[in-house]
Amino acid sequence: MGVLYIYAIVDQPDGDLPDIRGIGDAAISGLHVGDLLAIVSTVEGDSVPFSRTNLLCHERVIEALMRGRAVLPTRFGTTTEHAERIAKALETNGAGFRANLDRVRGRVEIALRVGWKPEADEPITRPRAADVADGRSYMQALLAQTQRSRQRRDTAEALAAKLTPGLAELADAVVEKILPTPQLLLKAAYLVRHAHVAEIRRRITALRTEYPDLAFLATGPWPAYSFVAEGNVA
């Protein structure tokens, strides 16, 4: 018994699909409802195992679709036993899917992580009562850690405010999360038009030069996973 694996929702349902195979070397096909198309393939069993091979295949299909269409990628592992459920979802949630397609059309996601070492010798674990002499000392240790954490967040927020404006101004939408751990400062995603990809990369390179003590990891362009509102397609 097999199930339908769902890769994405796309526009231009009457256009040709890319010449690419899906998970398990299965042919991809489209389920058409109005001006929407769900891209699927049939897989054996009742689920798709998480593996590097399957994950890369999922991504390759979506990237191939992006070359000629606006694409709403689904999360890896999305399956259903019944094509009718997909058709019903496209009909019921059609307005939301269309709004999302308009949002990502002609755009890609650039992901950014910024690492730092604010205080190399700062303890990162919560104080344990067994490690201090008495209750008062324990509470003082907790207070000290809370103050360090607050100070680290304030420092992270101030630094992120210097790093991100030049990137955000190139984006049509931004998702930024400050993560003031001793290793990670910022995790962000920028929805940018194709024409702005080279410039946002150039600006990230300039930040590396300006802030040599920080570690910048920029990846993409990716499908716009971070900017697609959740919609049930199965």
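Could you say which residue among Leu90, Leu55 is over 30 Å from Leu185 (Cβ atoms) and assigned to a helix (DSSP H, G or I)?
Leu90
For region 212-226, indicate whether the set of residues that are at pLDDT below 95 and of a type in the set (Phe, Trp, Tyr) is non-empty.
Yes, region 212-226 contains a residue that is at pLDDT below 95 and of a type in the set (Phe, Trp, Tyr).
Any chance you could count how many residues in region 1-24 are without any contact (Cβ under 8 Å) to a residue 40 or more places away in the chain and more than 17 Å from Ile62 (Cβ to Cβ)?
1
Give the residues of region 1-38 that are in contact with a helix residue (DSSP H, G or I) (Cβ under 6 Å, 6 or more places away or on another chain), surrounded by 21 or more Cβ atoms within 10 Å (Cβ to Cβ), under 18 Å from Glu91 (Cα atoms) and β-branched (Val, Ile, Thr), sorted by residue number.
Once the filter is applied, which keeps residues that are in contact with a helix residue (DSSP H, G or I) (Cβ under 6 Å, 6 or more places away or on another chain), surrounded by 21 or more Cβ atoms within 10 Å (Cβ to Cβ), under 18 Å from Glu91 (Cα atoms) and β-branched (Val, Ile, Thr), region 1-38 yields Ile9, Val10.
Residue by residue through region 149-172, note down the ones that are at pLDDT below 95 and either outside any helix (DSSP H, G or I) or not assigned by TED's automatic domain parsing to the domain that holds Leu207 (or both).
The one that is at pLDDT below 95 and either outside any helix (DSSP H, G or I) or not assigned by TED's automatic domain parsing to the domain that holds Leu207 (or both): Thr164.
Within the bounds of region 25-39, is there any residue that is outside any loop (DSSP other than H, G, I, E, B), in contact with a His (Cβ under 9 Å, 6 or more places away or on another chain) and under 19 Å from Asp102 (Cβ atoms)?
yes
Failed condition for Ser47, given (1) closer than 15 Å to Ala8 by Cβ; (2) modelled with pLDDT under 90; (3) hydroxyl-bearing (Ser, Thr, Tyr), with all others met?
The failed condition is (1).
The values are calculated or read from the model by the stated rules, or taken from the named source; none is laboratory data. It should be emphasised that the depicted structure is a prediction, and the values quoted were computed from it without experimental measurement. Here the Cβ is made from the backbone with ideal geometry for all residues, glycine too, and neighbour counts use every protein chain on show.
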